[in-house]
Every structure is written in C-alpha cells, then in structure tokens.
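Trainee: The structure under discussion is supplied below as structure tokens; questions concerning it will follow.
We did not get these values from a lab; they are worked out from the coordinates using the rules stated. All of these numbers come straight from a predicted model, not from anything done at the bench. Glycine also receives a Cβ, built like all others from the backbone with ideal geometry; neighbour counts cover every protein chain displayed.
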Amino acid sequence: MIQLRPQADAERRGADAGGRHGGRSRARRALPPLGAPLHGFLARLSGGRDVEDLYQETWLRVVRSAKRYDPSRRFSTWLFQIALNLCRDWLRRRPPEPMDATAFLAAEPAPDGPAVTEARIDAARLLAALPEAQRSVVLLRWVHDLSEDEVAEILDCPRGTVKSRLHHAMARLAALARIERNQ
C-alpha cells in the first residue's frame with residue numbers, strides 16, 4: 001500500500017513563512033523521488049502541453065488504484081505505465097500539434113553552452129518526428145534508462161516488440177539527422 005506523507009496546509013499550497021506563494025522551489029523539493037523523471041517523461045510525450053495536468057492526474061490515478069498495486073513489481077514501472085496510458089488517452093483526445101522544443105529543454109537542466117542547447121533542440125525535433133510508439137520506447141529506454149524488460153512491461157508488449165521499435169526508431173532518427181545535416 002502506498003502511504004502519502006501528511007503535510008501542513010501551507011506547505012501543500014507552496015506558501016513561504018511570510019504567507020506568499022513561492023510555490024516552485026518548495027514544490028520541487030517536495031516532489032517524490034520519481035517526480036522529476038515522471039515530469040520529464042510526460043513533457044516529452046505530450047510535447048510540453050498540459051504537462052502539469054497530466055502530472056497531477058498521474059499521481060491521482062496512482063492514489064486511486066493503490067489497492068491494485070502489486071508489490072512484487074517495481075513501483076517505477078507501474079507509475080510509468082499509468083503515465084503512459086494517461087498520455088495515450090490524452091493524445092487521442094487532442095489534435096496533433098508540433099512539439100514545443102522549449103518543453104523538451106525545460107524537462108532537464110540545461111548545461112552551459114549554445115552548442116549543447118542547439119543539440120537539444122535538434123534532438124527534440126527529431127524525437128517529435130517519431131511515431132508515438134517509437135518515441136515512447138526511445139524515451140523509456142534511453143532517456144529514463146529502463147531495461148528492455150521494464151519498457152516491455154510498461155508498454156504491455158513483448159520484449160521483441162520493444163527491440164524492434166528501438167531498432168526502427170534509431171534507424172529513423174539516423175535517417176532524419178542525415179537529411180537535416182544535408183539541408
């Protein structure tokens with residue numbers, strides 16, 4: 001069973017000692033250990049749109065379905081599966097829009113240097129060009145460093161399918177990068 005740590009009302013609202021809402025820094029500190037990776041995953045899958053809503057809804061679904069959690073499985077796998085299913089539902093309801101590269105960049109702390117920033121924008125653009133199934137596999141496997149077995153469990157597909165999607169995604173990314181380089 002998942003237990004949530006009770007917090008003071010002011011802390012939940014993000015109010016500082018003076019009563020003002022500083023929210024962001026306190027909210028970042030209060031995030032569970034998987035909060036930042038989950039937030040980044042949702043930002044990348046959704047193209048940066050409605051990330052806060054998706055993040056909150058993911059945690060609400062975790063709390064609602066806590067009784068169905070199987071302790072023999074890793075919590076992170078279960079959490080990311082909930083988040084992925086939520087994103088799939090969200091993507092079905094939303095018209096496709098171009099992915100916002102700034103959301104991709106905001107998902108991770110940016111190292112110094114314009115070359116690195118430009119490379120991140122290029123990576124975001126290339127990832128946005130992948131079909132959702134391939135993008136999900138790449139994000140889970142390479143960005144969130146999950147094993148192929150964990151990715152297969154999250155996506156509810158065989159490990160061979162994960163390998164195939166990874167292979168096709170990497171080939172497609174390489175082809176797209178070559179095309180961009182030649183332009």
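Trainee: Along the charge dipole of the range 122-179, Cβ charges K/R +1 and D/E -1, which of Val143, Leu126, Cys157 sits furthest on the positive end?
Mentor: The Cα lying farthest towards the positive end belongs to Leu126.
Trainee: Let me check against my output: what whole-number percent is the relative contact order of the range 114-183, with C-alpha pairs under 8 Å and at least 6 apart?
Mentor: Relative CO of the range 114-183 lands at 33 percent.
Trainee: Also: Modelled label-to-label distance, Asp122 and Val63, 7 Å Cα→beta-carbon offset: nm?
Mentor: 4.4
Trainee: Next up: Can you work out ³J(HN,Hα) from phi for every residue in the range 62-76, in order, using Karplus 6.51 cos²θ - 1.76 cosθ + 1.60 and θ = phi - 60°, giving whole Hz and x for Gly and Pro?
Mentor: Once θ is set to phi - 60°, the couplings for the range 62-76 become 4, 5, 4, 9, 4, 5, 8, 5, 9, x, 6, 9, 5, 4, 4 Hz.
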